[in-house]
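Here's the structure we're looking at; comments come further down.
What follows is calculated from the coordinates using simple rules that are stated; it is not laboratory data. Quantities reported herein were computed from a predicted structural model and do not represent experimental measurements. Counting neighbours? That spans all protein chains shown, and the Cβs are built from the backbone with ideal geometry, glycine included.
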Amino acid sequence: MKRGPLVWFAVVIPVWITLVLCTHWEPVLRDGWGHVQWHRTFSTTPGNVWTFAHESYVHNNPRLGQVLTLLVYTPGPWHELVTPLVELALFYLLALHALGRRPSLQRADDALMFATILAMVALVAPLIGQLLFYRPFTGNYLFSLVIGLGFLAPYRLHAEAPVVRRPWWIPIMLVLGYATGLCNEHTGPAFIAMTAFALFVFWRRGERPSAWMLAGLLGVVAGFIALYVAPAQSIRYNALATSTSLFGRVAARSTLDNLRIIGGPYAAAWKLVPWLALGVGGWFVTRQIPPVSRARLTSSLVAVAASLAIAVTLLVSPKQGGRLDFASVCLLCAALASLVVPFIRTHATRAVAWALAALAIAYLLFNSIVTYQKAGEEFRTRFDAISSAPPRGVVTVTPYTLPRSRWFLGEDFASDGLRFGLAWNRNLAGIVLDHPAEANDDPGGP
């Protein structure tokens, strides 16, 4: 085999195996119980899924990710088959945006870009384990980001190498744009702005915006409006989204609290210093500026601006939490890798870059396996006890030994409401913990 495919194989296969194992071990936690109960009551037919989507839009969570979350809770191997591939697609798309072209399996340098972005995100993302292995977060934030990056990919590729796309791209971009806008309130404005800026750049260089470009912009605007005006927005979290004006939320916080929200995604950005140092070192060794296209430089700066815009948008959000920082972190890491990796040109600097990526990825894989192998084992014990209990019985379970962390959501049965609701759904008199557990103050909801 050529060197390129071997390098890609060495990077992707261990990651994919770990993702499959951890999705298999993943326990059902918090909001996940509602999806499990739905599947016990309804079959996964198009009609039932459509009804769920409509009811969610009107009464619960109007985001597209809520439906995607329901689907990955479908009984069977679907979660283990689909979710790891989508998670790998996330880093592939981030590499595509960093390179300005589709990463080639024949090029080891493209594998280095993929591995570098994965390593950076693994170190910086506040709740990386939860985003990968807690399906309500995965569906609402990771899957949604993949949709958004996939939607922007044709614009990014066109920026580097303009092509004429066939008319059937118009409905594709319209649908992809609408899905992107319908994904998340805090990312929608940034995706709209990036799409509009792409059209502006194309116009400035003498192009007439194509119909597919305009269809994409129209779709993402329409999707975001549909999400913003969804009837469920006035119901979720006890109407929290409508109880205070957008700017009232900003004014109600102190300046320091607002700065903490903006800086939240970048709290661990200091971990990226080794890559910055490596890039500077690469320049000192070669004393040459790598041939980076203007479109690539512009795209990286736009990604940084979009990352910051998403963080600023969170100022008007009624909810906060590390899960909301994931898109900002991914965009920042892709932009930094896009600018730094071209400076890694010598054998020595490449060896160091691969060592950095390998260590960070090994850190991600080790913590994921250790955490979810243990959590999965403890979950199976409590789930078997709940499933085998006689009607109107009281089930006693042991709390998780794993504390809440960036890898794991923590004990969900410390919530009385969750235990009572689950007991009622399972026709039990009650579910109790055999000793007190630390309450998880974050509701863990999407």
When a footprinting reagent is the concern and you count Cβ atoms within 10 Å, what order do THR313, THR180, THR45, THR396 take, fewest first?
THR45, THR396, THR313, THR180
Neighbour-count ranking for TYR400, TYR228 (other C-beta within 10 angstrom, fewest to most) reads TYR228, TYR400
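For ARG406 and ARG345 in the same chain, what is the full-extension length gain: residue separation times 0.36 nm, less their Cα-Cα distance, in nm?
Using 0.36 nm per residue and subtracting the Cα-Cα distance, I get 18.6 nm.
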Over the chain, with a Gaussian network built from C-alpha contacts below 10 Å, which listed residue (GLY430, GLY216, GLY410) shows the highest mean-square fluctuation?
GLY430
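So how do LYS271, LYS2 line up by other beta-carbon neighbours within 10 Å, fewest first?
Values: LYS271 14, LYS2 10.
So the residues, fewest neighbours to most, are LYS2, LYS271.
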28 Å Cα-Cα reach of LYS271 towards lysines, excluding residues that sit fewer than 8 places from it in its own chain
LYS319, LYS374
So, with points 7 Å from each Cα along the Cβ direction, the LEU214-HIS54 label distance in nm works out to 3.3 nm
According to the square roots a ≥ b ≥ c of the eigenvalues of the Cα gyration tensor, what is the shape class of region 31-182, taking rounded for a/c under 1.5, prolate for a/b larger than b/c otherwise, and oblate for the remainder?
oblate
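Work out the length of the dipole vector of the chain about its Cα centre, built from +1 on the beta-carbon of each Lys and Arg and -1 on the beta-carbon of each Asp and Glu, and round it to the nearest 20 debye. Before the final figure, lay out the partial values.
Working: 35 positive and 22 negative charges, 293 e Å.
Roughly 1400 debye, rounded to the nearest 20.
Looking at the square roots a ≥ b ≥ c of the eigenvalues of the Cα gyration tensor of region 29-109, which shape do they give, rounded for a/c under 1.5, prolate if a/b is larger than b/c, or oblate?
On the way: a/c = 3.08, a/b = 2.20, b/c = 1.40.
Prolate.
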How high is the relative contact order of region 3-372, in percent, with contacts defined as C-alpha pairs under 8 Å that are six or more residues apart?
24 percent
Two-site label geometry, LEU433 and SER254: point separation in nm, points 7 Å out along Cα→Cβ
3.0 nm
Out of region 139-191, which chymotrypsin sites (Phe, Trp or Tyr not before Pro) are coil in DSSP terms and have no more than 11 other C-beta atoms within 10 Å?
TRP168
For LEU433, other-chain or 5+-apart residues with amide H closer than 5 Å (H placed, Pro excluded) are VAL397
